[in-house]
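Heads up: the structure comes next, in structure tokens.
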Amino acid sequence: MIAATPADQRRLLDLQQVDTAIRQLQHRRANLPEQKALDENAARLATLATEYQSSREQLDRLARQQKWHEDEIASVDARRKGGEGRMYSGQITSERELESLRAELSSLRGRKNDLEDALLEIMEQREELEARVERLRTEHGELTRAVGDMTAARDLAAGDLDVELVQRGEERTAVAAEVPGPVLGYYDDLRARKDGVGVAELRGRTCMGCRLELTATELEDVAADSAHGLARCEQCGRILVPTG
Ligand SMILES: [Zn+2]
């Protein structure tokens, strides 16, 4: 059995209190609601940025297609004007040649109609896409600001907890310095293995570590052991300190 005075044992309970507080702070620090909100929105922002980028690329493609169709229509128009010029110049007298020219002009009209239909469709798509890009740009801007605010809120919350953790850490160092080395080592080892709780009060008949009641014999043993050393709970194995 590890030797410890009743005063050492009470100090150990103080240390446990500080360690539990540190553990809770660390848990809160790792599970900040501000961090959760930030993570969700940062993920949404990344998706939005990708959507925005791909919509803009699509818009560029449509602009190139529009230009190509407009150029093509201009070229068809030029060929038609040339053909009509020849048609009405009176220089062509061969019926076969006139027939061929008429067929060519008709084919160019058909080609132009097709191109104009396609152009109209492209322009409609472009209009829709421009509206979408604008929406995404606005949404992206708003979300960027929101994520900035959330980052600040997270930093603030984390900062407060960090300050508290430093204070508690200093407190722990001070309390631990008052506990004999072997007692501290024994407690720390138990604490690591017993879910953060190495020492528990014996309140009445109940071990506050595992909440189980001790038998009369166990109570007598704890009373005897704790007079000069570290008593243990038979159920959970933690150090037991009678405080009654
Ligand atoms: Zn117990």
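We did not get these values from a lab; they are worked out from the coordinates using the rules stated. Here the structure is a predicted model, which means the values were calculated and not measured.
In table form, for the structure just shown:
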quantity	calculated
For the chain, diffusion coefficient by Stokes-Einstein and Kirkwood Rh (Cα), 4 °C, 1.567 mPa s, µm²/s	50
Inverse of mean 1/r across different Cα pairs in the stretch 33-168, Kirkwood, Å	20.1
Within a Gaussian network of the chain (alpha carbon springs, distance under 10 Å), most fluctuating of Val222, Val199, Val76	Val76
For the stretch 157-163, Karplus couplings with θ = phi - 60° (6.51, -1.76, 1.60), whole Hz, Gly/Pro x	4, 5, x, 4, 5, 5, 4
Share antiparallel - DSSP beta bridges, the chain, percent rounded to 5	60
Binned Cα-Cα distances of the stretch 106-238, short to long, each 5 Å bin given as a whole percent	2, 8, 9, 10, 8, 7, 6, 5, 5, 4, 4, 4, 4, 4, 4, 3, 3, 3, 3, 2, 1, 1, 0, 0
Separation between Cα centres of the stretch 54-83 and the stretch 11-26, rounded to whole Å	74
Estimated 222 nm signal from helices in the chain, with DSSP H stretches of n ≥ 4 weighted -39500 (n - 2.57), rounded to 500	-28000 deg cm²/dmol
